[in-house]
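Let me begin by presenting the structure, written as C-alpha cells, before commenting on it.
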Amino acid sequence: MSNPDWQITACTIICDMVADDVTLLVRNDGTYNCTGHQRYGGDTAQSLQNIHDHHRETGRTVSCAGESCKIMIDYVNHIFTGENIS
C-alpha cells in the first residue's frame with residue numbers, strides 16, 4: 001500500500017461525532033489517525049475530562065467511533081483508491 005511519492009496527507013473537517021474540528025492524517029504506509037480520537041476517544045483521565053468539558057461548553061454528546069470510524073475509513077479509501085467519499 002506504500003506510495004513513495006508522498007509521506008503524509010491531512011484533511012481538517014468538522015466531525016459530527018465529536019462536534020468539533022478534527023484533522024485526519026494518513027501516511028503512505030496505510031497507517032492513519034484522527035486528532036478527534038486522540039482528544040476524545042480514549043479512556044484516559046485527560047480524554048474523559050476533554051469529553052466532559054466539551055459537553056459542558058457545547059451541550060453535544062461526544063461519540064467517537066475510534067478505529068472503526070466510517071469517516072476515517074472512507075477518507076483512507078479515497079486517498080488510496082480515489083473512490084468518492086459517501
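Screening the range 1-23 for residues that are surrounded by 13 or more Cβ atoms within 10 Å (Cβ to Cβ) and more than 16 Å from M72 (Cβ to Cβ) and picking the one that is farthest from the chain's Cα centre (by Cα) gives N3. For the range 24-80, enumerate the residues that are surrounded by 15 or more Cβ atoms within 10 Å (Cβ to Cβ), among the hydroxyl-bearing types (S, T, Y) and without any contact (Cβ under 8 Å) to a residue 40 or more places away in the chain. Answer for the range 24-80, where residues must be surrounded by 15 or more Cβ atoms within 10 Å (Cβ to Cβ), among the hydroxyl-bearing types (S, T, Y) and without any contact (Cβ under 8 Å) to a residue 40 or more places away in the chain: T35, Y40, S47.
Quick note: the coordinates plus some simple rules give every number you see, no bench work behind them. Remember, predicted model here, so these are calculated numbers, not experimental data. In this analysis, Cβ positions are derived from the backbone assuming ideal geometry, glycine residues included, and neighbour counts consider all displayed protein chains.
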